[in-house]
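I have placed the structure first, in the form of structure tokens, so that the comments after it can refer back to it.
The values are calculated or read from the model by the stated rules, or taken from the named source; none is laboratory data. Please read these numbers as outputs of a predicted model, since none were measured by experiment. Here the Cβ positions follow ideal geometry from the backbone for every residue, glycine too, while neighbour counts run over all protein chains shown. Accessible surface areas use protein heavy atoms only, side chains included; no ligands, DNA or RNA. Shrake-Rupley method; radii C 1.70, N 1.55, O 1.52, S 1.80 Å.
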Amino acid sequence: MSTDALPEEWEIIRDWLPEDLDVRARQHQFFQRTRGLTDGERWLRMILMHVAGGLSLEQTALRARELKLADISGVALFKRLRRAGPWLKDLCQYLLSEQQRRLGRCIWPSQYRVRAIDATDVQEPGSTGTDWRIHYSIRLPELICDHYELTDQHGGESLGRFEFKKGELILADRGYSHWAGAAKVLDSGAALLMRWHPKAFPVQAFGGKNFDLLQRLRRLSKHSPEEWKVQFRFNHKGYYLRLCAVRKSHLAAERARRKVRDKAKSGGHQPTAESLELAEYVLVLTSLPPEFARSQVLQLYRCRWQIELAFKRLKSLMGAGHVPKIDDQSARAWMQAKLLTALLLERLLLEAKIFPPWGYQLRDNKSVAAGA
């Protein structure tokens, strides 16, 4: 997406944004005075030139003067960017709601609206640890974001950050393997498909009996998956799930054991024999009904990898992996602008699939996506 777009190109992007752009800017105190440049469109174009286009603040100011957008300095743009976070977040939420409305209910699989959930870390310059974290949810198979949240490094991975509805199928990795989050998904009427972390998410066999995990796993044949009925209790309520398991290949198991050893070494301790043995298996918990065979459950979990690819695109193609700011306000605004750019690109791809060759929407036209 060209960030110093021609007027005709900008008009297309402008149509995807709310009509009351200036009103929203004032509501979020992006404009604090009545004098000076109070045109939300111009400010947004300059912010996107800086964030999405990769121009420095001074280069952006120079380009803005050449395009007759504004006569400002790089310092003035930086000060305004520091105040832009809430406004940009509001625009992201608007785009999300519009995309959900246009997509309607997807048709894969027919019983569920599938969502993959995960989080990714973003570092500031010179950082040795995580400074920001993006909590993300995408719809499958459309690969379109339907929810996000931006937090600092203390914002842990939790299903409690998201809202769920009946008819959804939630795919999550074992970082989300906690009773509270799983209970929230199941209480909402949604279905759960989650990589299992035995220590973080202890379970029992049906009837509250002890569940001897390793004894059962050792009976697995090479490539045949198996499943068992398990349960857990949270807030005095019982929840019932299926535990599906399969052995990894020799190469995949060795790679997993190496990761366990490396993690233990970085923590200053030795890995336990149990953790090394568990690394030989893929363990998945699900509330999907029995008509989904254990092999289908395991195959469906593989679709969660699509959100990892979405993070790779966000970081490698759009440069969102490292925040070029050391000020919290400007860093948060910069990240919001990156997410806004990603949502605009997703809207562009969605429009391209159903773009009318006559150049406008028919008055009595029904959305193809909404009828899917």
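Some notes on this structure:
- Every pair of residues 6+ apart whose Cβ atoms lie under 7 Å, when the first sits in the range 77-102 and is of a type outside the set (Ser, Thr, Tyr) while the second is open to solvent by 70 Å² or more (accessible area, probe 1.4 Å): Arg82/Gln329; Arg83/Gln29; Gly85/Gln329; Gly85/Arg332
- Cβ-Cβ under 8 Å pairs, at least 6 apart or on other chains, the range 239-253 side modelled with pLDDT of 90 or more, far side assigned to a strand (DSSP E or B) and surrounded by fewer than 15 Cβ atoms within 10 Å (Cβ to Cβ): Tyr239/Arg233; Tyr240/Lys229; Leu241/Lys229; Arg242/Lys229; Leu243/Lys229
- Yes/no for Gly175 being out of contact with any His (no Cβ under 7 Å at 6 or more places or on another chain), small (Gly, Ala, Ser) and touching a residue at least 40 places away in the same chain (Cβ under 8 Å): yes
- Residue match in the range 69-84 (condition: modelled with pLDDT of 85 or more and under 22 Å from Glu308 (Cβ atoms)): no
- All positions within the range 9-41 that are among the aromatic types (Phe, Trp, Tyr) and either part of a loop (DSSP other than H, G, I, E, B) or in contact with a His (Cβ under 7 Å, 6 or more places away or on another chain) (or both): Phe30, Phe31
- Boolean, Arg42 is over 26 Å from the mean Cα position of the chain (by Cα), surrounded by 15 or more Cβ atoms within 10 Å (Cβ to Cβ), at pLDDT 90 or above and under 28 Å from Asp146 (Cα atoms): yes
- Filter result for Leu300 (within 24 Å of the chain's Cα centre (by Cα), not in a helix (DSSP H, G or I) and not small (Gly, Ala, Ser)): no
- Scanning the range 45-73 for residues that are buried (at least 23 other Cβ atoms within 10 Å of the Cβ) and polar (S, T, N, Q) yields one hit, Thr60.
- The C-beta contact set for the range 286-309 (first residue open to solvent by 40 Å² or more (accessible area, probe 1.4 Å), second residue among the polar types (S, T, N, Q), distance under 6 angstrom, 6+ apart or interchain) is empty.
- Hits in the range 228-246 (condition: under 29 Å from the mean Cα position of the chain (by Cα) and open to solvent by 40 Å² or more (accessible area, probe 1.4 Å)): Arg233, Phe234, Asn235, Tyr240
- Unique residue being of a type outside the set (Gly, Ala, Ser) and over 23 Å from Phe292 (Cβ atoms) when the list is Arg161, Arg216: Arg161
- Among (1) open to solvent by less than 30 Å² (accessible area, probe 1.4 Å); (2) hydroxyl-bearing (Ser, Thr, Tyr); (3) out of contact with any Leu (no Cβ under 7 Å at 6 or more places or on another chain) - the single one Tyr281 does not satisfy: (3)
- Selection of the range 138-185 for residues being part of a helix (DSSP H, G or I), open to solvent by less than 60 Å² (accessible area, probe 1.4 Å) and hydrophobic (A, V, I, L, M, F, W, C) yields Leu159, Ala180, Ala182, Ala183, Val185.
- Lone unmet requirement of (1) surrounded by 12 or more Cβ atoms within 10 Å (Cβ to Cβ); (2) touching a strand residue (DSSP E or B) at 6+ places or on another chain (Cβ under 8 Å); (3) not small (Gly, Ala, Ser) for Arg219: (1)
- Inter-residue pairs, beta-carbon under 8 Å, first over 17 Å from Ala200 (Cα atoms) and modelled with pLDDT of 95 or more and in the range 219-236, second open to solvent by less than 100 Å² (accessible area, probe 1.4 Å) and among the aromatic types (Phe, Trp, Tyr), 6+ apart: Trp228/Phe211; Lys229/Phe206
- If only residues of the range 74-93 that are closer than 16 Å to Gln29 by Cβ and touching a Ser or Thr at 6+ places or on another chain (Cβ under 8 Å) are counted, the one that is surrounded by the fewest Cβ atoms within 10 Å (Cβ to Cβ) is Arg82.
- The set of residues in the range 122-136 that are at pLDDT 85 or above and surrounded by fewer than 21 Cβ atoms within 10 Å (Cβ to Cβ) comprises Arg133, His135.
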